[in-house]
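Peer 1: Starting off with a structure, shown below.
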Amino acid sequence: MKKYSTMMTLALAGLAVTACSKTEAPKADMPKVEASPAAAAPMAAEAKTDNMATPASTEKCYGVAMAGKNDCANKSGSHSCAGQSTKDKDPQEWKSVDKGTCEGLGGKLS
């Protein structure tokens with residue numbers, strides 16, 4: 001399954017790079033950059049390692065997210081998207097952390 005996932009990630013990254021490079025004509029003062037799936041491979045590998053945790057091995061941890069680094073809507077409902085927190089370690093904001101690490105980080109599970 002991992003081999004298939006990696007191949008799909010690379011294929012999609014190549015398509016995204018190709019699609020993005022064809023949407024807008026290059027400006028005269030900008031150098032032309034050729035994109036290829038091989039060039040996208042390091043980006044795909046980095047993205048895969050950044051998101052290795054599965055949902056079953058993580059939990060919502062309130063009070064540990066830094067400003068602009070929350071994972072989703074807050075408890076009070078004043079915003080509904082990731083990255084919209086305005087202060088560090090707000091007890092209303094949550095961040096996904098490895099299961100069993102929240103309290104050690106100074107956060108709370110609810």
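Peer 1: If Gly83 satisfies all but one of (1) small (Gly, Ala, Ser); (2) at pLDDT 95 or above; (3) at positive phi, what's the number of the condition it fails?
Peer 2: (2)
Peer 1: Can you find even one residue in region 15-26 that is of a type in the set (S, T, N, Q), modelled with pLDDT under 55, assigned to a helix (DSSP H, G or I) and surrounded by 11 or more Cβ atoms within 10 Å (Cβ to Cβ)? Spell out the reasoning first.
Peer 2: So in region 15-26, the residues of a type in the set (S, T, N, Q) come out as 18, 21, 23.
Pick out the ones that are also modelled with pLDDT under 55 and you get 18, 21, 23.
Of the ones still in play, those that are also assigned to a helix (DSSP H, G or I) are 18, 21.
Remaining after also requiring surrounded by 11 or more Cβ atoms within 10 Å (Cβ to Cβ): 18, 21.
Yes, region 15-26 contains a residue that is of a type in the set (S, T, N, Q), modelled with pLDDT under 55, assigned to a helix (DSSP H, G or I) and surrounded by 11 or more Cβ atoms within 10 Å (Cβ to Cβ).
The values are calculated or read from the model by the stated rules, or taken from the named source; none is laboratory data. Everything quoted here is computed from the prediction, not taken from an experiment. Here the Cβ is made from the backbone with ideal geometry for all residues, glycine too, and neighbour counts use every protein chain on show.
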